[in-house]
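See below for the structure under consideration.
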Amino acid sequence: MNYVTIALGKGRLVEETLSILEEAGIVFPDFSKKSRKLIFENKRQQLRMVLVKASDVPTYVERGAADLGVVGKDTLLESQAKVYEVVDLGFGICKFAVAGLNASYQNKAKPIIATKYPNVAKAYFQEKGQSIETIKLNGSVELAPLIGLSDCIVDIVETGKTLKENGLQVYEEISYVSARLIANRASFKTKFTQIGELINSIQEVVDQRGERS
């Protein structure tokens, strides 16, 4: 039996993912928050967990370096990776939104949009039949409309507190975002039994959590 490799993005999703895996009977005995290791194994269940940069999870899974991965829907959409999305894990919930100082961007022929997610922004506005210019930023996109760099922003919004504190407001909601379990297309076929059992166990935990909430 081959090992099944699961890629997790280092950061906010790890703790909740490990909690779900534990409830599903999957643990990695050598894992520790303080450890600097990047690969952890469960030899009994023939599972391997690798910690990578969150934005790289879709790449590892798409290219087959990992069979499964846990990633935010925001990162998944932006990456445009060709993978199977198999379980909505129900945490890390937020939304994609268009926000700005005012709604004047809606009247412009080609508004300038600052975002960490240019592919998501282009796809959304293209669907509306709207041409845009995107400016890719890696942090503090809220600043862009405040200093005239852009007409508005496309970003993920959780509580809206950061937008409010900077005088911005949401004008359009694009889509719901949460953590997703994804699978490599080839692995889904070649390791169907192993991966299928894992997916079913994880889905069962997610469903039970939903019933309790």
Checking Phe192 against (1) outside the structural domain of Lys110 (by TED's automatic domain parsing); (2) surrounded by 13 or more Cβ atoms within 10 Å (Cβ to Cβ): exactly one of these is not met. Which one?
(2)
If I ask for residues that are over 21 Å from Lys164 (Cα atoms) and among the basic types (Lys, Arg), which ones from region 70-122 would you list?
Lys73, Lys82, Lys108, Lys110, Lys122
Identify the single condition in (1) part of a helix (DSSP H, G or I); (2) out of contact with any helix residue (DSSP H, G or I) (no Cβ under 7 Å at 6 or more places or on another chain) that Lys33 does not satisfy, given that it satisfies every other one.
(1)
Would you please name the residue that is nearest to the chain's Cα centre (by Cα), looking only at residues in region 13-29 that are more than 17 Å from Gln203 (Cα to Cα) and surrounded by fewer than 13 Cβ atoms within 10 Å (Cβ to Cβ)?
Glu15
So if I check each of Glu204, Glu158, which one is closer than 30 Å to Ile26 by Cβ, touching a residue at least 40 places away in the same chain (Cβ under 8 Å), acidic (Asp, Glu) and outside the structural domain of Val70 (by TED's automatic domain parsing)?
Glu158
In region 142-160, residue nearest to Val70 (Cα to Cα) [restricted to those that are among the β-branched types (Val, Ile, Thr) and either in a loop (DSSP other than H, G, I, E, B) or in contact with a Leu (Cβ under 8 Å, 6 or more places away or on another chain) (or both)]:
Val157
When region 136-160 is checked residue by residue, the ones that are more than 29 Å from Phe91 (Cβ to Cβ) and in contact with a helix residue (DSSP H, G or I) (Cβ under 7 Å, 6 or more places away or on another chain) are Ser150, Asp151
Of the residues Arg12, Arg36, Arg44, which is in the same structural domain as Ile202 (by TED's automatic domain parsing), at pLDDT below 95 and closer than 26 Å to Leu168 by Cα?
Arg12
Six or more apart or on different chains, Cβ atoms under 9 Å: show the pairs whose first residue is in region 44-57 and in contact (Cβ under 8 Å) with a residue 24 or more places away in the chain and over 14 Å from Ile6 (Cβ atoms) and whose second is in a helix (DSSP H, G or I) and of a type outside the set (Ser, Thr, Tyr).
Ser55/Glu78
Step by step: first the residues of region 161-213, then only those that are small (Gly, Ala, Ser) and in a loop (DSSP other than H, G, I, E, B), then the one that is farthest from Val87 (Cα to Cα). Which residue is that?
Gly167
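Which one of Ile26, Ile6 is closer than 19 Å to Ser178 by Cβ and not small (Gly, Ala, Ser)?
Details: Ile26 fails: closer than 19 Å to Ser178 by Cβ.
Within the list Ile26, Ile6, the selection yields Ile6.
The values are calculated or read from the model by the stated rules, or taken from the named source; none is laboratory data. Remember, predicted model here, so these are calculated numbers, not experimental data. In this analysis, Cβ positions are derived from the backbone assuming ideal geometry, glycine residues included, and neighbour counts consider all displayed protein chains.
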